Amino acid sequence: GDSWGIFTFLCAALCNLPALPALNCSEELGAGQSIQQTYDLTRYLEHQLRTLAGTYLNYLGPPFNEPDFNPPRLARAERVPSATVDLALWRGLTDNARLAANYRAYSRLLCYLRVLDGQVGTAELRHRLAHFCASLQGLVLSIGGVMSSLGYPLPAGPAGPPAPHGAHAAPNDFLKKMDDFWLLKELQTWLWRSAKDFNRLKKKVPPAVVTLRLEARGF
Amino acid sequence: PLSVSPAADPAVISPQDPTLLIGSSLVATCTVSPDFPLKAEDLYWTLNGRRLPAASYAALGPSTLSVALARLNGSRQQSGDNLVCHSRDGGILAGSCLYVGLPPEKPVNISCWSKNMKDLTCKWAPGTEGETFLHTNYTLKYKRRWYGQDNTCQEYHTAGTYSCHIPEDLALFTPYEIWVEASNRLGVAVSDVVMLDILDVVTTDPPSDVHVSRVGDLEDQLSVRWSSPPALKDFLFQAKYQIQYRVEDSSEWKVVDDVGNQTSCRLAGLRPGTVYFVQVRCNPFSIYGSKKAGIWSDWSNPTAASTPRSERVAGGCDPKGGEQNTTLRRELKQFFGWVKKHAYGCSNLGIKLYDQWRVWLQKSHKTRNQV
């Protein structure tokens, strides 16, 4: 059901990647469509996350599933990339920087989520997590597609995914629950922020930018 | 606004993440880190979000507060009960996850079935309810009797929580030993070994293409026809069938047992002018000539048909007849309304369509009543 939706998004997004050095108007249309689809995907994930977070926090038990729960954010939790950024800074981001921040954030968040998936939980939870990870993977690919269609290089992948997990693993089960809580919170904030990022990009992608870049390459 | 605490943990709880038996007692201590200006009297405890009574606290030092928990119940969630040490303003200083439950008991009621001899699915029940408070891992193992190697089943939860599916072709005419191991933080338990031959637990798909039709004008009979499940062709077994049928308004099924291996049957002694629901199921027996019965398949999806009602109307003033007429008129009105929506052209209009509508009506009544 849902996986087919993701698949169609992916195909549509990836199929809009221009075959360089083809020089036609469909490129700018392609980027625009990809941005729209990425935006749609973030909204879809936001919706999916609500159910997943609800189930997961209930699994962690009170007080984690209480609506006003706000535990301290320990220094160690900084490894999860934060979506919160100064408003002026956010406004001033170049398209490339904006996309790259999203790409990097979701790549790392995906890594951490996958580790979560491997651990003990109910079968239902593991199933939901696996489904969410698949959708999130789709988002990362979609953002990559947008970046490529606009001629931006993809940011280098997160350095050695498995090692940091071992090094930064929470020293006890309670702290791990707190880490899980903040992971979900950060995911929520990122999806909320991405919607705004892609909305902004939707309005900003001009055809001129694409053509200029291709000319610079000597086509 | 992010409140980032300094690198050191504000406090330490002992014991950290203990595992306990249901009914046991626990004394936990919270010791504030020397970097923090908090005293024992500034602290309080919560368990799963609920504040624990101050009467159970004791100050063991200037910055150490203990809490006594007696006769613990099984954990509220399998991830552990959350025992938290707070500062006076509600801030979290440290936490410990309590795992309270029972060691597993031998899993019981192991039953297995093989679909067309192509696989094996087994299910079982946990030995005690107490082991559900903790995450209990179940592993289904199997091996051919007299041949060394233990194998482990990999695909779990295929037929409910406590089930596992072995997709490979298992050897026939060989007894298998099957057992389930349960383990959790408090211990391990192994079920009794079940011995079976795949050929003894074979089931198959329900019969397909079940058709129920009238027998001419006979008011009390219906004819049921079906096709044998496709897998039957491949295997050297015979099939025997069973039919069950019921009147539309009743939940009582009548079973016809002596159908044998025919693929058709005549139901008799039925009520005229009544809609009946019919299902058929199949049992692969005498596999390779063994004369033993297999396991009954699921019932086929219900098929509906109605017996004819004679056209002759009983003479005389029958008040009940009058009632029936208005009900019938109402029904017909509803029917034609439904037909307008669902029938494409009038060519399909007929008794079969009317019967299908009765089935649909029955189903929608059911769902309405269930809500």
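List nothing, just return the count: lysine pairs in the range B:11-164, 8 or more apart or interchain, with Cα separation under 20 Å.
10
Find, to one decimal place in angstroms, the Kirkwood hydrodynamic radius of the range B:108-200, where the mean of 1/r is taken over every pair of different Cα atoms and then inverted.
Result for the range B:108-200, one decimal place: 13.6 Å.
Okay, which of the range B:162-177 sit inside 13 Å, backbone N to the point 7 Å along the Cα-Cβ direction of B:TYR288?
Under cut-off, by backbone N: B:170-176.
How large is ³J(HN,Hα) for each residue in the range B:131-137, as worked out from phi by the Karplus curve 6.51 cos²θ - 1.76 cosθ + 1.60 (θ = phi - 60°), to whole Hz, x for Gly and Pro?
Values per residue, Gly and Pro as x: 7, 7, 6, 10, 6, 10, 8 Hz.
Under 27 Å from the Cα of B:LYS333, which lysines turn up, not counting those fewer than eight places away in the same chain?
B:LYS320, B:LYS341, B:LYS352, B:LYS363, B:LYS366
Any aspartates and glutamates with Cα under 13 Å of the B:LYS233 Cα? List them, leaving off those in the same chain fewer than 8 positions away.
The qualifying aspartates and glutamates are B:ASP205.
Take each of the peptides B:178-190, A:134-146, average the number of other beta-carbon atoms within 10 Å over its residues, and list them starting from the highest.
Per-residue mean Cβ counts within 10 Å order the peptides as A:134-146, B:178-190.
Given an 8 Å cut-off on Cα distances and at least 6 residues of separation, report the relative contact order of the range B:11-101 as a percent.
39 percent
So if R0 is 41 Å, what FRET efficiency would B:VAL188 and B:VAL255 give, r being the distance between their Cβ atoms, rounded to the nearest 0.05?
Working from the Cβ atoms, E equals 0.40.
Which FRET efficiency value, to the nearest 0.05, do you get for B:LYS233 and B:ARG144 by plugging their Cβ-Cβ distance into 1/(1 + (r/R0)^6) with R0 = 22 Å?
Using R0 = 22 Å, I get an efficiency of 0.20.
Rule-based calculations on the coordinates, nothing more; no lab input. Since the structure is predicted, the reported quantities are computational estimates derived from the model, not experimental observations. Here the Cβ is made from the backbone with ideal geometry for all residues, glycine too, and neighbour counts use every protein chain on show.
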